[in-house]
Structures are given as C-alpha cells and as structure tokens.
Amino acid sequence: MVRPIVVRSLHNQVIQELGKMIVSGELEPGKSLPREELLAESMSVSRTALREAMKVLSAKGLIESRQKTGTRVRQAIHWNQLDADVLAWRCASMPTDTFIEELVEMREIIEPAAAAAAARRHTPEQLTAIKDAYDAMAAAEDLDAWAVADLAFHDRMLRATNNGLLTSLFSVIETALGTYFVMSARNSANFKLALPQHFKVYEAIRRRQPEVARQGMLKLVDDSRSNVHHQPGKANKPQR
C-alpha cells in the first residue's frame, strides 16, 4: 500500500510521502493506517522517524490517533488548508475543479480589496516594485518567465497594502497561486493577453484610484477563471 522511502531516518520524507497520499485521495478519509511497526517497515524508516512524522501530520489535521482504533485519515474539513505543505500537496494533484474554485473564490475576496488598499497606501518604492514586475511580464519571452513575473506582480501589490496579515497570507498561498498562474497562461493562445489588464491595475494604483483598482483586479480574477476552464478549440479570454 505504501511505497518504500529511499532516504532512511528522515521523518520529513515520511511526512511528504504520506501527506501526498492523503491529500491526493490515495489514502481515503476514514482509512486506518497499518500498525506502527508494519508501517515503519514498509516505508523503510525507523519507528522513531515514523512517530515524529505522525506528530507533524496530526498537527496539520491530516490524521488522528486513538487508542482503540489506531491511526486514521481525517476528513478534508479538518485539514489545515493554509498549511504550506498541504497547499503544495493539493497543487501537486491539480487541476481539480474544487481546488481551483476555492482558490478563485479566495482571490475574489482578497485581491480586489488588496488592490484598492494598495491604491490608497502604497509608497513610491512599492509602486516602483509593482512597475518592475509589470515590466518583467512585458519582457517575458516564455511561459516560465511570465509566471514568475506575474506572481511577483501580485506579491508586490499585496505588499503595497502595508497590511502585514495580507503579506503573510501571500507567503502561505504562493505555491498555489504560482501553479494556478501557470495553468491559466498555458491555456491561453497568447500568455501575454492579460498584460493590458495588469497595466490598468497598476495605473489605478499609481493614480490612487481605489475603486478602479478594485474593479480592475476583479476582472483579472474573473478572466483567469475563464481561462483556466477554457477548452481547447474555443476562444480564449485574457487571463489574470
């Protein structure tokens, strides 16, 4: 059931292996894991390493241990969905419609408001950083360069809100957004179709027009959703 781990005595390897299997659904909610000695043997790790890994997975909400029933996989509602590892494991199993919609909904709630806040509060240095990211998007010659610059644009916009909680949130969801942005750009006939809309958001922030920035970012998020769900052979809308 469980694939052996090459690197021994590293509990992080156990965390990654079991975490991916749980989040991907390979280990289903409610399923009991083998007894400790059997699981350690099948994964080729020490029982000490396994115990440490189980503590971490339990803290992430993925498993629970009880004396009579042993260790079971928990329902997704109990997972720490903003944990960096959990997000990375969900990204590894993308695209899934549920995860994409959850991510888009979170973006709809956060990013338009963040763009408006950035329009009100940005410093000259922060505005320059946003423009630099936009210029990198314009100069991108391939999808990978575009995706890196695109992620930087959204990161720097959130930093320009001067809201520490929003900045911290981005650091948590960065992996998920990066994966999403690549998917969106890949589905586009031209990954730079979203460039003019990004410039409109930048200009609204520069001109300190919060509502214009809010609406511009909302359109980017909506266009991105359409592009991610685009089917080959149909017309594309601009993304992000």
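The values are calculated or read from the model by the stated rules, or taken from the named source; none is laboratory data. As the structure is a computational prediction, the values presented were derived from the model and not from experiment. Cβ coordinates were reconstructed from backbone atoms using ideal geometry, including for glycine residues, and neighbour counts include every protein chain displayed. What goes into the accessible areas is simple: the full protein's heavy atoms, side chains included, and nothing from ligands, DNA or RNA. Shrake-Rupley method; radii C 1.70, N 1.55, O 1.52, S 1.80 Å.
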Note to self: As an exercise, take the mean of 1/r over every pair of distinct alpha carbons in segment 1-133, invert it, and state the Kirkwood radius in angstroms.
What the structure shows: 17.1 Å
Notebook entry, point to check: L165: accessible area at probe 1.4 Å, nearest 10 Å²?
Noted result: 150 Å²
Item checked: Kirkwood Rh and Cα Rg combined as Rg over Rh, evaluated for the chain -> 1.07
Note to self: For segment 120-164 and segment 42-106, what is the centre-to-centre distance using only Cα atoms, to the nearest Å?
What the structure shows: 32 Å
Item checked: Packing-based order for 116-122, 57-63, using average beta carbon neighbours within 10 Å, highest first -> 116-122, 57-63
Notebook entry, point to check: Which of K219, K55, K68 moves the most in a Gaussian network model of the chain with Cα springs under 10 Å?
Noted result: K68
Next item on the list: Go ahead and estimate [θ] at 222 nm for the chain from helices alone: -39,500 (n - 2.57) per DSSP H run with n ≥ 4, summed, over the residue count, rounded to 500.
Entry: -21500 deg cm²/dmol
